[in-house]
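Notes follow once the structure below has been shown.
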Amino acid sequence: MQTRGMNPVTTLTPEQIAQFRADGFLALPSITTPAEVAQLRGIFDRLFAEGAGWKKGAQFDLAGTDENQRPALPQILNPAEFAPELRATQFRQNALAIARQLLGADAEPWFEHAILKPPRYGAATPWHQDEAHRDDPGVTYEQLSVWLPLQEATEANGCMRFIARSHLGPVLPHHSPGDDPRVTALECVGSFAPADAIPCPLPAGGATIHHCRTLHAAGPNGSDLPRRAYILAFRSAVRPDAAFRGYPWNGEKHTAAQARHAAWQNRGGPLGRASRAALSAAAGLLARVRGKAARLLRK
Ligand SMILES: O=C(O)CCC(=O)C(=O)O
């Protein structure tokens, strides 16, 4: 790992880059400071306690049907929407620099998520490949995730585990756990050897990086403390791929979170939708004008 400058940016050494390409994952002892990890822990605890994003389907139980009063694997999609301070972290800056080393200079942030495994009953994350979640037919891109634990991650509380070199193979068949399409998680049902898994315990503020085809899972949380993880996903430039039609297991899903999301999109009826579309177009225009002005000022 190399760190430079006044506002240090952590990047990978050539050896680490070669290791990621060979194995499909990499573990780093540190990607941000202890002070930032403590700040992120506070933000995450607040967001999960408040149920941030629940109404719009952005918070849900990844391992259940959302009927349980005690979700076993709560997840928030794009948590920065509910805590804008997450947009200005050292973690984000370092993760983007690393993603550009691995995916190319045009790599961009793609999405992010926050996962909580509650103490003692936090569920296992099933074996899966992230690419199996892809639901955007007609295009292709390379993708990776940077996984940051906000406390120590151990085998007892559900650290990440990977199957080395699985990223070199195809996307294997997946299904909804228990064949229940109301559950958001996916589970790999293809042929692989979970016994070959490499667990990656980490200190708080360390990170694992995995390719979107790397098979991975995380055990349940059997400890007395919550296990929180903040994950940033990045993708390379998007290219057309007429051959990709989507995966059948995603078409079968009908989750409570999808229903909440649809209701949220429809709130206020046609008038509500039209005024939100107008606001969003105006915000897009403003952002483009600001970007252009900033570029002109830099010249
Ligand atoms: O944090 C976890 O339990 C799983 C995370 C995961 O599957 C991922 O980042 O792709």
Q) Only one of (1) in contact with a strand residue (DSSP E or B) (Cβ under 7 Å, 6 or more places away or on another chain); (2) more than 29 Å from R70 (Cα to Cα) fails for P118. Which number is that? A) (2)
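Scan region 94-106 and give yes if some residue there is assigned to a strand (DSSP E or B), on the phi < 0 side of the Ramachandran plot and within 15 Å of the chain's Cα centre (by Cα), otherwise no. Don't jump to the end; show me each part of the working.
From region 94-106, those assigned to a strand (DSSP E or B) are none; that's our starting set.
No, there is no match, as no residue in region 94-106 is assigned to a strand (DSSP E or B), on the phi < 0 side of the Ramachandran plot and within 15 Å of the chain's Cα centre (by Cα).
Per-residue answers, yes or no, for (1) under 17 Å from H211 (Cα atoms); (2) of a type in the set (S, T, Y); (3) surrounded by fewer than 24 Cβ atoms within 10 Å (Cβ to Cβ); (4) away from the ligand (no atom under 16 Å from the Cβ):
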residue: E131; (1), (2), (3), (4): yes, no, yes, no
residue: R134; (1), (2), (3), (4): yes, no, yes, no
residue: Q151; (1), (2), (3), (4): no, no, yes, no
residue: T154; (1), (2), (3), (4): no, yes, yes, no
residue: R165; (1), (2), (3), (4): yes, no, yes, yes
residue: L168; (1), (2), (3), (4): yes, no, yes, yes
residue: P181; (1), (2), (3), (4): no, no, yes, yes
residue: G190; (1), (2), (3), (4): no, no, yes, yes
residue: A195; (1), (2), (3), (4): no, no, yes, yes
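Does P109 satisfy the criteria of being within 13 Å of the ligand (Cβ to nearest atom), modelled with pLDDT of 95 or more, part of a strand (DSSP E or B) and surrounded by 15 or more Cβ atoms within 10 Å (Cβ to Cβ)?
Details: within 13 Å of the ligand (Cβ to nearest atom): no; modelled with pLDDT of 95 or more: yes; part of a strand (DSSP E or B): yes; surrounded by 15 or more Cβ atoms within 10 Å (Cβ to Cβ): yes.
In short, no.
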Q | Top-ranked residue in region 205-214 [being within 14 Å of the ligand (Cβ to nearest atom) and assigned to a loop (DSSP other than H, G, I, E, B); ranked as farthest from R227 (Cα to Cα)] | A | R213
Q) Checking I76 against (1) surrounded by 19 or more Cβ atoms within 10 Å (Cβ to Cβ); (2) touching a residue at least 40 places away in the same chain (Cβ under 8 Å); (3) closer than 27 Å to N221 by Cα, which single condition isn't satisfied? A) (2)
Q) For region 125-183, which fully contained strands (runs of 3 or more DSSP E) count at least 3 residues that are of a type in the set (A, V, I, L, M)? A) 143-149
Q) Restricting attention to region 37-60, does a residue exist that is crowded, with 20+ Cβ neighbours inside 10 Å and among the charged types (D, E, K, R)? A) no
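Please pick out the residue among A88, A58, A83, A63 that is out of contact with any helix residue (DSSP H, G or I) (no Cβ under 8 Å at 6 or more places or on another chain) and of a type outside the set (D, E). Show your work before the answer.
On the way: A58 fails: out of contact with any helix residue (DSSP H, G or I) (no Cβ under 8 Å at 6 or more places or on another chain); A83 fails: out of contact with any helix residue (DSSP H, G or I) (no Cβ under 8 Å at 6 or more places or on another chain); A63 fails: out of contact with any helix residue (DSSP H, G or I) (no Cβ under 8 Å at 6 or more places or on another chain).
Checking each option against the conditions leaves just A88.
Looking at region 234-243, can you tell me whether even one residue there is hydroxyl-bearing (S, T, Y) and not assigned by TED's automatic domain parsing to the domain that holds D180?
Narrowing region 234-243 to residues hydroxyl-bearing (S, T, Y): 236.
Next cut, not assigned by TED's automatic domain parsing to the domain that holds D180 only: none.
Looking through region 234-243, none of the residues is hydroxyl-bearing (S, T, Y) and not assigned by TED's automatic domain parsing to the domain that holds D180.
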(Q) Whether any residue in region 207-218 is at pLDDT 95 or above and farther than 14 Å from F162 by Cα is what I want to check. (A) no
Q. Here are P203, P226, P199, P173: which of them is within 23 Å of Q258 (Cβ to Cβ), modelled with pLDDT of 95 or more and in the same structural domain as A237 (by TED's automatic domain parsing)?
A. P173
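Do any helices (runs of 4 or more DSSP H) lying entirely in region 215-299 carry at least 1 residues that are under 28 Å from L116 (Cα atoms) and within 16 Å of the ligand (Cβ to nearest atom), and which ones are they?
On the way: elements: 248-251, 256-265, 269-298.
Here the list reads 248-251.
The values are calculated or read from the model by the stated rules, or taken from the named source; none is laboratory data. Every value quoted in this text rests on a predicted model; they were computed, and no experiment measured them. Note that each Cβ is placed from the backbone with ideal geometry, even for glycine, and that neighbours are counted across all protein chains shown.
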